[in-house]
Amino acid sequence: MSGNGFGHTFRFTTFGESHGPAIGCVIDGVPPLLKLSEGDIQPWLDQRKPGQNRFTTQRQEADQVRILSGVFDGVTTGTSIGLLIENTDQRSKDYGDIKDTFRPGHADWVYEQKYGIRDYRGGGRSSARETAMRVAAGAVARVVLEALAPGIAIRGALVQMGPNAIDPGRWDWDQRQANPFWCPDAETVPVWEQFLDGVRKSGSSTGGVVEVVASGVPVGLGAPVYDKLDADLAKAMMSINAVKGVEIGAGFLAASLSGEDNADEMRMGPDGQVQFLSNNAGGILGGISTGQDIVLRMAIKPTSSILIPKKSVDRQGNEIEVITKGRHDPCVAIRAVPVAEAMMAVTLADHLLRHRAQCG
C-alpha cells in the first residue's frame, strides 16, 4: 500500500492498525540540535485521546508516546525520529458481526475491492486511530516552527455541530478548552450539549465544521504552481478521516462576491509595511502566504458507525441490514480539532523548511 506519508522536506510516514499491537510514525527532515522529549509531544496527544467525556468514544487509550530514535541527550540528531504508541484497549469482538458485511458510509467495500483483503476490526488501517500519529508528528512540527519562526500560533475550534453554528460575534479563543467541544462561543455550548445528548441516545451521529487559524506565518511560504500552500493544506485536511470539504478564507462565499468586495485591498502601515484591509484570501495569494492569518475550515461528515439499522450487502451478495456495535464518536468532528491543528503544523513546517532551502 502506498500513500502512508505526507510532506517533502518535513515528511512523516505512519504505520499500524486500529486493533493491532501499536501505531507509530517515522519523521524525516527535522533539523538537528532542537530540544525534544516525550513531554513536548504528550500534551498534544492528550487533547485528542478518546474517552475523556460522554460526548466521545469510550475507548480508553492512554496514547502514551515513546521516542525510539532521532534524539540523543535531549536534542534531535537530524536523523529519522521514530515514535510509537501501543494500543491497549481494543475490543475486536465488537466487530465479529460485521466480518462478512460492508458498513454503509465506511471504506469496507472499496477497501476489499481494491486490496482483496481488509481488517474488519475497527476499520484497520482506514480507522481514525491512525490520526494519533498525525498529532504526534504535528507536535514535532511545532518544535520546528518554534525554533525557526517563533511567532507562529496554530489554534482550532469547532464552529458548527449539525445544524447549530456558533455566533462569530461571541468568538473567544480562551473558551475552547473550557468545554468538551473546542467551542469558542460559551453560549453555544449548552445548545450543543442538549443536541448531542439527543443524537447519542438515539443511536445516531452528526457532523460538524472545524476552523483552524495560523497566526504569525511569515510571508513567502508556498509556490505558485503545483506546490501552492493552500493546495497542500487542502490535501492535508482532506486526508483526515471523514473530511468531505475544505475552504480557505472566504471559501465558497467568494463565488457570490463581486470583484471589488473580494479583493483584499492594501495600504502602507505606519511601520512602513504593507497592510491588507481584509482577508478574503485566507492569508494565501497565488499559493504563497501573505503574512496574514491563514484561515481554513473543513466539513466533517457524521460518524458512519451508528446503532440505527442501515441497508447494505454482505460478501456473498445478500441484501442485509447493518447495525455497527462498538464504541464510537457521536460527533467525530470534536476530536478532529487537534488533528486539524497538527496537519496545519506539519504543512507549515514543511513549507518553511522548503522556503529556507530555496530562498535562505
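The values are calculated or read from the model by the stated rules, or taken from the named source; none is laboratory data. None of these values were measured; they are calculated from a predicted model. Backbone-built Cβ (ideal geometry, glycine too); neighbour counts: all protein chains shown. Quick note on the areas: whole protein, heavy atoms, side chains included, nothing else; ligands and nucleic acids left out. Shrake-Rupley method; radii C 1.70, N 1.55, O 1.52, S 1.80 Å.
Assorted remarks:
- Note on region 291-306: among residues that are of a type in the set (Gly, Ala, Ser) and within 13 Å of Ile98 (Cβ to Cβ), the one that is least open to solvent (accessible area, probe 1.4 Å) is Ser305.
- Residues of region 278-305 satisfying the condition of being more than 18 Å from the chain's Cα centre (by Cα) and in a strand (DSSP E or B): Ile284, Leu285, Ile288, Ser289
- If you filter region 198-222 down to residues that are among the small types (Gly, Ala, Ser) and open to solvent by 30 Å² or more (accessible area, probe 1.4 Å), you find that the one that is modelled with the highest pLDDT is Gly216.
- Boolean, Pro309 is in contact with a strand residue (DSSP E or B) (Cβ under 7 Å, 6 or more places away or on another chain) and open to solvent by 50 Å² or more (accessible area, probe 1.4 Å): yes
- Within region 319-355, restricting attention to residues that are part of a loop (DSSP other than H, G, I, E, B) and within 22 Å of the chain's Cα centre (by Cα), the residue that is surrounded by the fewest Cβ atoms within 10 Å (Cβ to Cβ) is Arg327.
- Residues being polar (S, T, N, Q) and more than 19 Å from Ile240 (Cα to Cα) - total across region 1-52: 4
- Which listed residue, of Gln275, Gln316, Gln358, is open to solvent by 40 Å² or more (accessible area, probe 1.4 Å), more than 20 Å from Gly138 (Cα to Cα), in a helix (DSSP H, G or I) and of a type outside the set (Phe, Trp, Tyr): Gln358
- Within region 246-272, the set of residues being hydrophobic (A, V, I, L, M, F, W, C) and either open to solvent by less than 40 Å² (accessible area, probe 1.4 Å) or under 29 Å from Lys235 (Cα atoms) (or both) comprises Val246, Ile248, Ala250, Phe252, Leu253, Ala254, Ala255, Leu257, Ala263.
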